[in-house]
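Before any comments, here is the structure.
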Amino acid sequence: MKHSYHTQHAPLGAFASFTLGLHGAPGGFGQSLGRPARQNVYVGYRYAGEPWALLPFFAERQNRAVDFTGDPDAPMGEGDVRVLPEGRYGRSLGWATDRWMAQAMVFSIATPFRRIEDPDELDEDEARRLLVPAVFARLEIDNAHMDVPVELVFGIHDPDQEWRYMGDFHTHLCGFSRGNHYGFATWPADNVKPRQAFDLFNPRYLDERGQHGIGTECGLIFEVPAGEKASFPIALGFFNSARITTSLRTHFYYSQFFDTLGHVLTSALENFDEAVATAAERDRELRASGLSADQQWIVAQATHSYLGSTEMLVAEDGRRWWVVNEGEYRMMNTFDLAVDQLFFELAWHPWAVRDILDLYVERYAYTDRVRLPEGGWADGGLSFTHDMGVVDQFSRPGHSSYECTGVTGCFSHMTMEELLNWICCAVTYVEKTGDHAWLKHHARTIRACAESLRRRDHPDPAKRNGILKCDSDRCGEDGAEITTYDSLDVSLGQARNNLYIAVKAVAAWVLLERAFMRLGDEGEAEAADEAIRLGVESICAQFETDTGMFPAVFEGGNRSRILPAAEGLVFLHCLGMDEELRREGRLGPLLDRLETHLANALQPGVCLHEPTGGWKISSTSDNTWISKVAIAQHLVRELFPKALPPDAGRADTAHAEWLRGPGCGPMAFCDQILASEGRAVGSRYYPRGVSSYLWLT
């Protein structure tokens with residue numbers, strides 16, 4: 001069913017989502033979850049004399065055994081409700097709007113996002129308008145050509161939570177809330193009827209207001225006369241003023257500007273038209289991008305899930321912290337996600353990148369020793385943890401929630417990877433924003449990163465070849481470092497002597513050279529140039545002329561082929577460093593070989609999945625990551641067009657169909673997908689797909 005998939009509808013920085021869209025499945029309000037909520041959502045219409053026609057946003061209704069004076073097994077009003085099948089409604093997902101159309105009814109949810117330069121510079125009115133923890137639903141119907149009235153409904157069934165009628169406490173609102181945490185409301189009007197009952201569509205017990213305070217279903221009934229059109233705004237809001245995190249004590253940033261859920265919903269309704277207009281503007285921008293329909297859908301679905309993972313916090317001293325939670329895993333600011341979300345964040349909220357980098361330096365940096373290839377140990381240098389904690393619990397300083405000792409696969413340390421990520425994020429941030437004062441403030445860290453890179457090649461300058469190959473002592477005697485591609489085989493899982501890491505290190509040196517030039521440090525800039533040339537020479541020496549490809553790992557006779565071979569170059573391209581990307585320049589020999597490598601890898605049976613044409617990031621793994629494929633596609637299209645398969649659009653269709661299909665659709669954007677099955681095997685409800693924003697740059 002092409003319209004059957006969940007999408008997250010989420011405000012910026014609230015770590016909250018109103019998830020909706022999967023046929024026959026619940027969703028609704030979720031706060032700090034790694035999966036969709038489990039509330040039945042009722043949206044539909046009823047013409048006079050007909051049953052309710054509802055969009056399929058709910059599982060089987062369980063309203064039984066509540067008529068204590070009658071038969072406890074009798075269903076309550078189920079005959080009065082029919083579910084619209086797939087062919088009876090349409091759906092259109094935009095960059096910031098999700099819209100369902102059924103006969104003359106339209107239901108839409110707007111999740112506006114806009115560029116915000118610095119939240120701390122906003123006055124209170126601007127902050128309430130721009131940072132309100134709400135999304136904006138609308139029910140519309142054209143009844144102009146009908147001679148009978150029609151009713152519309154928006155309702156919720158949550159058997160595990162009690163709801164309250166907000167009109168009892170906020171007389172200017174008509175809606176319902178779950179405590180002070182989340183809820184929905186519109187403006188009161190004669191044609192809007194709030195209802196709470198055990199069965200929203202066939203209520204048996206109601207007080208004089210038309211409510212039953214212990215009912216598990218609640219909703220708004222909108223009445224539209226014959227011959228009229230109508231549109232009803234509905235604010236869907238979240239609120240939590242309590243302490244959110246442990247270890248570092250923080251609250252939601254928005255709690256400085258709102259004191260109740262009613263305040264949130266009021267602000268959302270007051271600014272409803274502007275919010276919807278902003279969302280429509282984002283939709284128009286995506287439609288005008290020139291991307292195919294499948295690419296546009298991927299960007300839209302990914303952006304919605306990214307927003308649902310974002311969390312803006314304020315500490316007790318007033319300092320702001322930014323967190324992106326890792327989807328279903330809910331790890332905080334996972335660094336190897338931050339480096340791919342960088343491009344979107346620099347476009348819309350660049351301060352978020354600075355916030356993450358600062359906290360890594362202040363709390364999640366460490367120094368280590370490294371195991372030498374010939375045996376023995378030596379001082380390593382500075383690096384950073386994989387993440388900052390999990391499920392709103394900041395981990396202890398210098399340690400992540402993920403990394404363990406004595407393993408060689410998942411859950412080992414990513415010391416090389418995260419060192420490269422800090423460098424790439426830091427210099428890209430400075431070059432994109434012009435924040436040279438920040439660079440000077442972190443000059444010591446920049447120099448320490450360069451020295452750490454050298455020592456991870458080899459502490460003895462005479463034994464360096466430009467390729468990182470020394471595992472951290474944090475891995476223990478028997479462990480080995482891994483990369484962000486932790487669940488893949490050795491082709492991308494092993495960090496030591498890895499092609500992906502080697503090219504990324506060359507790119508990091510190019511960025512470091514730029515930083516040292518900004519800092520006026522000629523000696524370090526010259527050393528960076530030497531490292532670049534040495535790395536290019538050593539990587540090119542690994543190229544196989546008989547296959548026209550690189551091995552994924554430069555040891556052990558590895559024969560895997562990988563698409564992220566060129567991934568590190570994305571930062572140079574993002575910064576418009578065209579001089580560095582010339583084929584006549586110092587990177588030229590590497591660029592030529594990478595193009596040949598990618599052209600040969602993008603063949604059926606290697607890194608092209610057949611029969612779909614989808615891209616696999618490794619020839620020896622069926623597990624492919626859509627966020628990383630998006631980066632590879634961008635680089636191939638922009639830097640290596642000769643490597644592009646002749647029917648490249650077929651891959652975009654395959655990727656979109658995987659994401660919309662039953663193997664992924666229940667969990668919004670999913671990243672890790674088995675190509676042979678189109679089924680998510682991890683990284684569900686995931687933010688990193690926003691790397692596809694690169695397609696719009």
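The values are calculated or read from the model by the stated rules, or taken from the named source; none is laboratory data. The shown structure was predicted, so the numbers you read here are calculated from the model rather than taken from an experiment. Here the Cβ positions follow ideal geometry from the backbone for every residue, glycine too, while neighbour counts run over all protein chains shown.
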Name the one entry in LEU236, LEU291 that is surrounded by fewer than 21 Cβ atoms within 10 Å (Cβ to Cβ) and either under 21 Å from the mean Cα position of the chain (by Cα) or not in a helix (DSSP H, G or I) (or both). LEU291
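Listed here are the residues, each with its yes/no results for (1) assigned by TED's automatic domain parsing to the domain that holds THR624; (2) out of contact with any helix residue (DSSP H, G or I) (no Cβ under 7 Å at 6 or more places or on another chain); (3) buried (at least 17 other Cβ atoms within 10 Å of the Cβ); (4) among the hydrophobic types (A, V, I, L, M, F, W, C).
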| residue | (1), (2), (3), (4) |
| --- | --- |
| GLU524 | yes, no, yes, no |
| ILE532 | yes, no, yes, yes |
| SER538 | yes, yes, yes, no |
| ALA541 | yes, yes, no, yes |
| ASP546 | yes, yes, no, no |
| PHE550 | yes, no, yes, yes |
| GLY557 | yes, yes, no, no |
| ARG561 | yes, no, yes, no |
| GLU567 | yes, no, yes, no |
Options VAL390, VAL361: the member that is assigned by TED's automatic domain parsing to the domain that holds ALA480, in contact with a helix residue (DSSP H, G or I) (Cβ under 6 Å, 6 or more places away or on another chain) and not acidic (Asp, Glu): VAL361
For PRO589, the lone unmet condition from (1) touching a residue at least 12 places away in the same chain (Cβ under 8 Å); (2) under 27 Å from ILE446 (Cβ atoms); (3) not basic (Lys, Arg) is (2)
The residue that is surrounded by the fewest Cβ atoms within 10 Å (Cβ to Cβ), considering only those in region 609-635 that are free of Cβ contacts under 8 Å to residues at least 60 places away in the same chain, within 17 Å of ALA566 (Cα to Cα) and of a type outside the set (Ser, Thr, Tyr), is LYS616
Looking for whichever is within 30 Å of SER395 (Cα to Cα), touching a Lys or Arg at 6+ places or on another chain (Cβ under 8 Å), assigned to a helix (DSSP H, G or I) and not assigned by TED's automatic domain parsing to the domain that holds ARG99 here; the options are LEU313, LEU307, LEU337, LEU342. Which one fits? LEU337
Looking at ASN180, is it at pLDDT 95 or above, part of a loop (DSSP other than H, G, I, E, B), under 31 Å from the mean Cα position of the chain (by Cα) and within 30 Å of VAL391 (Cα to Cα)? no
Within region 27-43, of all residues that are small (Gly, Ala, Ser) and in a loop (DSSP other than H, G, I, E, B), the one farthest from GLY13 (Cα to Cα) is ALA37
Mind counting the residues in region 27-45 that are more than 14 Å from GLY183 (Cα to Cα) and either under 21 Å from the mean Cα position of the chain (by Cα) or at pLDDT below 95 (or both)? 6
Considering only residues of region 115-141 that are part of a loop (DSSP other than H, G, I, E, B) and not basic (Lys, Arg), which is surrounded by the fewest Cβ atoms within 10 Å (Cβ to Cβ)? ASP123
Being within 19 Å of PHE18 (Cα to Cα) and basic (Lys, Arg) is the filter here, so list the residues in region 668-687 that pass it. ARG684
Just to verify a result, which residue in region 150-190, among those that are buried (at least 21 other Cβ atoms within 10 Å of the Cβ) and of a type in the set (S, T, N, Q), is farthest from PHE222 (Cα to Cα)? SER177
Index of the failed condition, ARG518 passing every other in (1) assigned to a helix (DSSP H, G or I); (2) within 25 Å of ALA480 (Cα to Cα); (3) among the basic types (Lys, Arg): (2)
Could you say which residue among ALA426, ALA437 is among the hydrophobic types (A, V, I, L, M, F, W, C) and either buried (at least 23 other Cβ atoms within 10 Å of the Cβ) or part of a strand (DSSP E or B) (or both)? ALA426
Only one of ASP652, ASP671 is in the same structural domain as SER487 (by TED's automatic domain parsing), crowded, with 24+ Cβ neighbours inside 10 Å and touching an Asp or Glu at 6+ places or on another chain (Cβ under 8 Å), namely ASP652
Odd one out for TRP322 among (1) part of a helix (DSSP H, G or I); (2) closer than 26 Å to PHE252 by Cβ: (1)
